[in-house]
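Asks: What follows is a single structure, and I will ask about it in a moment.
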Amino acid sequence: MNETTAAGTVPPSSSPAAQAGAPCSILELPPDTDRNVRGFREYIRDTLEAGGILFLPRAGFELSERERTLVADAAVTLPSRRERESRNGRPTLIYDPARGHILRTRISGPEREELEAMMARYSEWASSLVADLLPDYTGKLVRDRLTYRPCERADAQGLHVDASYGRPTEGRGMLRVFCNIHPGGRARIWRVGETFEPFARRFVPSARTPRTSRLEALLAHLGVTRGRRTAYDRLMADIRGQVKKDEDYQTNAPQRIVSFPPGSAWIAITDLVLHGASSGQHSLDQTFFLPPEAMDEPARSSLRILERLSGRTLL
Ligand SMILES: [Fe+2]
């Protein structure tokens with residue numbers, strides 16, 4: 001195990017955004033790492049809970065020959081010309097492991113079933129990887145959806161933390177397993193920033209978070225909306241929105257560039273680290289919801305940090 005050297009780091013400046021925090025740590029785990037060394041799994045868990053990224057070179061999910069052909073065929077994965085010409089990373093394919101199919105897609109026929117089988121296989125692979133590396137989380141994680149990104153990303157995403165994508169997490173963290181499956185040789189490039197607490201310390205004081213309305217609470221109670229949009233979800237959405245629009249922060253906050261080559265995997269609790277994809281094509285990621293109480297140190301969860309900084313109970 002060793003700490004990787006970043007491909008690039010933005011030099012410190014005198015801007016207010018550059019005053020706090022440091023880019024997150026990246027723990028590289030080569031394939032020949034002895035996983036039976038005492039304290040190995042505790043160290044991995046500690047790295048992730050502290051907002052670090054676990055990087056697994058040459059240990060990613062392997063595609064079959066047929067799957068390589070499928071993902072390389074844009075006419076299959078991006079059926080319309082408009083989709084094929086999009087270079088902003090969208091559309092994405094969302095797979096729900098519980099239902100066993102891709103949601104809201106125009107892909108049809110046997111190719112759709114083949115892609116669904118590949119995504120189901122990735123979901124199982126990611127689950128096994130997490131069970132091996134993070135056994136203390138076994139039985140406590142909730143497997144959520146899986147995303148396949150067949151589309152090229154040519155415009156860089158701003159630094160952000162992940163919050164529920166349209167659905168509330170209700171205070172749970174998002175543990176995500178990524179893999180670059182580009183059938184050629186193209187790396188996926190990320191910009192990564194500081195960890196959650198210094199970021200939240202900067203943006204929470206200016207957050208506006210109206211409380212849940214009675215109507216929203218009623219609709220959630222009746223099952224009309226999926227999940228309950230808690231004060232936590234509102235606050236996360238607010239500070240995520242603030243940071244995306246803050247040009248000083250985007251330019252001057254501590255950050256580094258990280259390159260994930262094809263065949264590599266990486267894991268992070270993505271509400272605990274600032275990140276944004278800069279370029280790349282063909283990645284898979286599986287999300288697991290991580291309840292704060294499942295963590296070794298729940299005080300390091302985004303929920304508990306926000307409650308501490310805001311002085312409020314957020315659930
Ligand atoms: Fe993200």
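The values are calculated or read from the model by the stated rules, or taken from the named source; none is laboratory data. Predicted model only: the values in this text are computed from it and were never measured. Methodologically, a virtual Cβ is constructed for each residue, glycine included, from the backbone with ideal geometry; neighbour enumeration extends over all protein chains shown. What goes into the accessible areas is simple: the full protein's heavy atoms, side chains included, and nothing from ligands, DNA or RNA. Shrake-Rupley method; radii C 1.70, N 1.55, O 1.52, S 1.80 Å.
Asks: Sort the following peptides by mean Cβ neighbour count (other Cβ atoms within 10 Å, averaged over residues), highest first: 275-283, 28-36.
Replies: Per-residue Cβ counts within 10 Å, averaged per peptide and sorted highest first, yield 275-283, 28-36.
Asks: With every protein chain left in place, what is the accessible area of Arg172 in Å² (1.4 Å probe, nearest 10)?
Replies: 60
Asks: Simple spin-label model, 7 Å along Cα-to-Cβ: Asp155 to Ala187 in nm?
Replies: Calculated label separation equals 2.5 nm.
Asks: Let me know the shape class of region 132-285, please: from the alpha-carbon gyration tensor, a ≥ b ≥ c as square roots of the eigenvalues, rounded when a/c is under 1.5, otherwise prolate if a/b is greater than b/c, or oblate.
Replies: oblate
Asks: For region 22-131, what % of the accessible area comes from carbon and sulfur atoms, probe 1.4 Å?
Replies: Carbon and sulfur together cover 46 percent of it.
Asks: Here's something else I'd like to know. Which log10 I(q)/I(0) values, to two decimals, does region 231-315 give at q = 0.18, 0.22, 0.26 Å⁻¹ under the Debye formula with one point per Cα?
Replies: Result of the Debye calculation: -1.04, -1.27, -1.36.
Asks: Suppose accessible area is computed on protein heavy atoms with a 1.4 Å probe; arrange Ile267, Ile257 from highest to lowest.
Replies: Solvent-accessible surface, decreasing: Ile257, Ile267.
Asks: Same structure, new question: Sorted by average packing, counted as other Cβ atoms within 10 angstrom per residue and highest first, what order do 94-101, 300-307 take?
Replies: Packing proxy ranking, top to bottom: 300-307, 94-101.
Asks: What is the gain in length, in nm to one decimal, between Glu297 and Ala22 on full extension, counting 0.36 nm per residue of separation less the C-alpha to C-alpha distance?
Replies: Gain in length upon complete extension: 96.9 nm.
Asks: Can you tell me what percent of all Cα-Cα pairs in the chain are more than 27 Å apart?
Replies: 44
Asks: Give me the mean projected area, in nm² to one decimal, of the convex hull enclosing the Cα positions of region 89-152.
Replies: That works out to 5.0 nm², a quarter of the Cα hull's surface.
Asks: Over region 65-160, calculate the relative contact order: mean separation of alpha carbon pairs under 8 Å at least 6 apart, over the residue count, as a percent.
Replies: Rounded, it is 44 percent for region 65-160.
Asks: Separate question: Accessible area of Ile44, 1.4 Å probe, to the nearest 10 Å²?
Replies: For Ile44, the solvent-accessible surface is approximately 0 Å².
Asks: Determine the calculated [θ] at 222 nm for the chain from helices alone, applying -39500 (n - 2.57) to every DSSP H run no shorter than 4 residues and normalising by the residue count; nearest 500 deg cm²/dmol.
Replies: The helix-only estimate for the chain comes to -9000 deg cm²/dmol at 222 nm.
Asks: How large is the accessible surface of Ser206 in square angstrom, using a 1.4 angstrom probe and rounding to the nearest 10?
Replies: For Ser206, the solvent-accessible surface is approximately 70 Å².
Asks: Moving to a separate point now. Tell me, what % of the accessible area of region 177-309 is carbon and sulfur with a 1.4 angstrom probe?
Replies: Result for region 177-309: 53 percent of the exposed heavy-atom area is carbon or sulfur.
Asks: Among residues other than Phe178 whose Cβ falls under 11 Å from its Cβ, what is the net charge (Lys/Arg +1, Asp/Glu -1)?
Replies: Neighbour charge sum, excluding Phe178 itself: +2.
Asks: Right, something else. Heavy-atom accessible area per residue, the chain, 1.4 Å probe: how many Å²?
Replies: 46
Asks: Let me ask something else about it. Using only alpha carbon pairs under 8 Å that are at least six residues apart, calculate the relative contact order of the chain and give it in whole percent.
Replies: Worked out over the chain, it gives 32 percent.
Asks: I would also like to ask the following. Points 7 angstrom from Cα along the Cβ direction at Ile94 and Asn36: gap in nanometres?
Replies: In this crude spin-label approximation the distance works out to 4.3 nm.
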